[in-house]
Amino acid sequence: MTEPTHDATLPRADFLPVMKERGFFKQCTDEATLTELLATEPVTGYIGFDPTADSLHIGSMVPIMGLLHLQRHGHRPIAIAGGGTAMVGDPSGKTELRKMMTLEQIDANLVGIKAQIAHFVDFGDGTADGRLDGLMVNNADWLKDWGYLDFLREIGRHFSINVMLSRESVKQRLETGMSFIEFNYMILQAYDFMMLNRDHGCRLQMGGDDQWGNIVSGIDLTRRMNRQEVYGLTFPLIATASGEKMGKTAAGAVWLDAKRTSPYDFFQYWINVDDRDVERFLKLYTLLPMDEVAKLAALQGADIRDAKRRLAFEVTRALHGEQAATEAENAAAVLFGGGGGGEGSIPSSSRPAVVLAGDGLPLIDALADAGLAKSKGEARRLIRQGGIKVNGASIEDEMHALGPADVRDGRIALQAGKKRHHHILIEE
């Protein structure tokens with residue numbers, strides 16, 4: 001695991017201006033009062049993360065960077081792993097009820113998620129360099145032991161059905177159908193804010209703009225139950241310039257776990273972003289100074305690839321460490337620049353040379369085994385569509401078999417589409 005890298009603590013009052021400058025700011029409740037509060041004292045703020053898998057994906061990186069900026073400016077970040085709310089399911093931005101998970105599945109997922117957030121946020125004992133250590137909590141700790149009738153009497157009475165129905169996240173789902181269990185999610189998230197305020201002095205909740213209704217509900221509940229003013233800040237929902245969902249590729253989601261998405265593939269995702277997204281992503285996903293961002297964003301034509309390489313290196317280094325980022329960069333140079341070394345960062349597998357003898361190794365088998373195709377049927381379709389290369393040469397014969405003549409420097413380089421690579425290392 002990499003260690004979070006921070007500069008010396010920045011002025012507390014600069015937090016909101018920096019969030020605006022770097023593109024994190026969408027909406028804020030009572031901005032003037034929050035600005036004054038941030039300037040006068042350390043503020044505890046939180047963001048919730050959904051443990052529906054044992055890894056977050058890059059769609060979660062904007063909120064993670066939000067916590068990082070909060071900590072860099074001398075405030076205290078809290079990450080909630082929604083072990084309790086995950087048993088209900090957030091309807092925001094969803095079109096259908098998702099699969100229910102067991103407590104055991106959720107607990108297993110929380111382990112990986114905390115480790116990933118810890119690459120960016122300092123969770124420690126005491127303080128270091130004037131920064132307040134972050135905190136990771138699980139809302140199952142205060143939700144799972146509630147009795148249904150008790151919760152309705154103590155908490156549910158503070159919520160108006162009319163107000164809940166007016167929230168955008170609810171209105172959108174009412175068109176396609178919303179279960180009663182999902183309708184309760186807003187109450188549970190509001191209760192989280194109230195509990196964090198009561199137990200940890202939390203005054204700020206942040207999240208994507210689809211969370212606005214849930215955040216406002218939490219502010220209202222905290223005001224009613226704790227008699228304290230708290231605040232909300234939302235980030236824009238990030239999509240690519242082409243309108244695609246952030247982190248979505250032909251191969252699926254881009255995960256933060258190196259076992260799900262290798263550092264090389266993670267690096268390549270950023271190398272291949274749309275030219276129009278480079279400046280925005282440098283602001284959001286790196287800590288590069290704004291003057292340096294401006295210089296990189298000014299690059300035109302073929303030079304824009306230098307800006308993409310810097311973006312890819314900085315984001316990969318933050319998540320996977322300096323060595324992994326360097327290896328991924330070198331591996332990209334091998335494939336696209338003709339350089340040497342770096343093969344170890346490209347996803348690879350080993351095969352004995354004997355499998356290439358005789359009739360050889362069917363290409364469709366090699367693609368499926370390498371994970372470049374989900375099945376042999378998909379491998380055949382990719383070949384027929386011209387989407388497969390062996391050692392840089394297109395292969396359009398679905399009956400093609402790999403043989404000794406395909407070995408280059410002890411390996412066979414497979415490529416699916418423009419971005420996915422796999423090397424078969426041949427062992428004599």
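Projecting the Cα atoms of GLY213, PHE235, GLN71 onto the charge dipole of the chain, computed from C-beta unit charges around the Cα centre, puts GLY213 farthest toward the positive end. Most simply put, the stretch 348-427 has about 75% antiparallel DSSP beta bridges, counting only bridges with both residues inside it.
In the structure displayed, which of LYS259/LYS419; LYS376/LYS418; LYS26/LYS419; LYS114/LYS295; LYS26/LYS144 lie more than 24 Å apart, Cα to Cα? Table pairs above 24 Å Cα-Cα are LYS26/LYS419; LYS114/LYS295; LYS26/LYS144. Between TRP146 and ASP107, the simple label model (points 7 Å from Cα in the Cβ direction) yields a spacing of 2.2 nm. Antiparallel versus total DSSP beta bridges in the chain: what percent is that, nearest 5? In the chain, DSSP labels about 50 percent of beta bridges as antiparallel. Simple point charges give the picture: +1 on the Cβ of Lys and Arg, -1 on the Cβ of Asp and Glu, and for the chain a dipole about the Cα centre of about 880 debye. Taking only the C-alpha atoms of the chain, the Rg (one decimal) and the largest Cα-Cα distance, Dmax (whole number), read 24.3, 79 Å.
The dipole here belongs to the stretch 365-418: it is taken about the Cα centre, uses +1 on the Cβ of Lys and Arg and -1 on the Cβ of Asp and Glu, and is about 220 debye.
Of the residues PRO404, GLY392, LEU356, the one whose Cα sits farthest toward the positive end of the charge dipole of the stretch 348-427, with +1 on the Cβ of Lys and Arg and -1 on the Cβ of Asp and Glu, is GLY392. Could you work out the longest stretch of the chain that avoids the trypsin sites (Lys or Arg not before Pro) located in DSSP loops with at most 12 other Cβ atoms within 10 Å? The reported range is 260-373.
Only helices enter the 222 nm calculation for the chain: every DSSP H run of n ≥ 4 contributes -39,500 (n - 2.57), and dividing by all residues gives -12000 deg cm²/dmol, rounded to 500.
About its Cα centre, the dipole of the stretch 12-235 is roughly 360 debye, where the only charges are +1 on Lys and Arg Cβ and -1 on Asp and Glu Cβ.
Orientation-averaged projection of the stretch 12-235 equals 12.1 nm² [convex hull of Cα atoms, one quarter of hull surface area].
Using a simple spin-label model with pseudo-atoms 7 Å out from Cα toward Cβ, ALA39 and ALA405 lie 7.5 nm apart.
Bear in mind these aren't lab numbers, they're just calculated from the coordinates by the rules spelled out. Because the structure is a prediction, the values reported are computed rather than measured. Methodologically, a virtual Cβ is constructed for each residue, glycine included, from the backbone with ideal geometry; neighbour enumeration extends over all protein chains shown.
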